[in-house]
Structure formats: structure tokens, C-alpha cells
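A short worksheet on the structure shown next.
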Amino acid sequence: MALATPVIQERKPIMTRPDPPPQLDTATASELLQRAREARNHAYAPYSRFPVGAALLAADGAVFAGCNIENAAFGLTNCAERVAIGNAVSQGARAFHAIAVVGPEDDVACAPCGSCRQVLHEFGPALLVVTPGGADGAPLVTSLRELLPGAFGPARLRGEVPE
């Protein structure tokens with residue numbers, strides 16, 4: 001008995017449209033980084049000693065801050081980005097344009113962790129992420145879609161094509 005040759009089908013990419021290049025003016029990006037640094041000053045990070053601050057820019061121009069809040073039961077720790085989202089949502093905001101994130105060093109990029117990327121996607125798949133560390137001290141701006149390609153979100157639960 002001869003074995004059948006397996007048929008290999010070409011896989012289609014999940015995302016069918018390219019991301020537009022992230023756009024955020026330098027002054028706004030720099031202001032968001034400053035607000036994130038201010039939030040970082042309130043971080044409660046006695047275990048990791050890795051304070052993080054975040055500043056979330058809502059579609060209406062409001063800025064919501066957050067800092068990491070650690071817990072001796074490490075799984076209960078809240079990241080700065082999720083604190084900022086919680087702060088914003090608890091005040092009625094649902095649409096966001098950008099988030100700035102800073103870690104302990106002012107000039108080193110500190111991208112959101114995987115869990116934060118998923119939570120941010122829930123409220124803004126087109127969100128821009130601002131971190132320090134660009135050339136000549138300029139902010140780095142990237143899209144959340146670049147950081148979390150093929151993300152699972154509300155559209156998928158509705159049976160729509162991934163965002």
C-alpha cells in the first residue's frame with residue numbers, strides 16, 4: 001500500500017492590510033513621556049525595584065496616568081499600563097490614541113509586557129506606543145499592531161476578521 005503524498009496548502013496571512021505608519025507629533029510624544037515619568041515617581045515596586053510609569057492619551061485629549069503597583073503575591077501585581085487603562089475607563093474614557101511607557105531609566109525603551117499589550121488592544125488596536133530611546137533622545141513611536149500582530153480581540157468574538 002503506497003502512502004499518499006501530503007498536500008501542503010499555502011497559508012494566508014491573518015492580517016490583510018498593512019499598518020499605516022505611526023503618527024504622533026514629537027511635542028505630544030515628549031509631553032506624554034514626561035507625564036509617564038511623573039507617574040513613575042508614584043510606583044510601588046519594593047520587590048522588583050523596577051518602577052514604571054504610563055501616560056495614556058484619550059481620543060478627547062485627556063491624559064490618564066498609571067504606575068506599577070507590586071504585591072507580595074506577585075501574580076497580583078498591576079502594571080502601569082493596566083493601571084492607566086483602569087483609571088481612564090473608570091472615568092468614562094473608552095477611545096485612546098497613544099500611550100507612553102517609561103521604565104527606571106529615562107533614556108531606555110521599556111515596551112509593554114504581553115499582558116498589557118492584550119489589554120491595550122481591547123481598547124485601541126490602532127493605539128500608538130511611545131517609549132524613550134530614539135536617536136538623539138527623540139521618542140520612539142510604534143503601533144500596537146506591530147507589537148501584537150494577529151491579536152485576539154472583540155472583533156474576533158463577533159466573528160469578524162481580526163483587526
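Structure notes:
- Peptides 54-66, 148-160 ordered by average Cβ neighbours within 10 Å, highest first: 54-66, 148-160
- In this Cβ point-charge picture (+1 for Lys and Arg, -1 for Asp and Glu), segment 26-157 has a dipole of about 380 debye about its Cα centre.
- The overall shape of segment 26-157 is rounded: from the C-alpha gyration tensor, with semi-axes ordered a ≥ b ≥ c, the ratio a/c is less than 1.5.
Only the coordinates and a few stated rules stand behind these numbers; no lab work does. Fair warning: this is a prediction, and the values are worked out from it, not measured in the lab. No Cβ is skipped: glycine too gets one built from the backbone with ideal geometry, and neighbour counts run over all protein chains shown.
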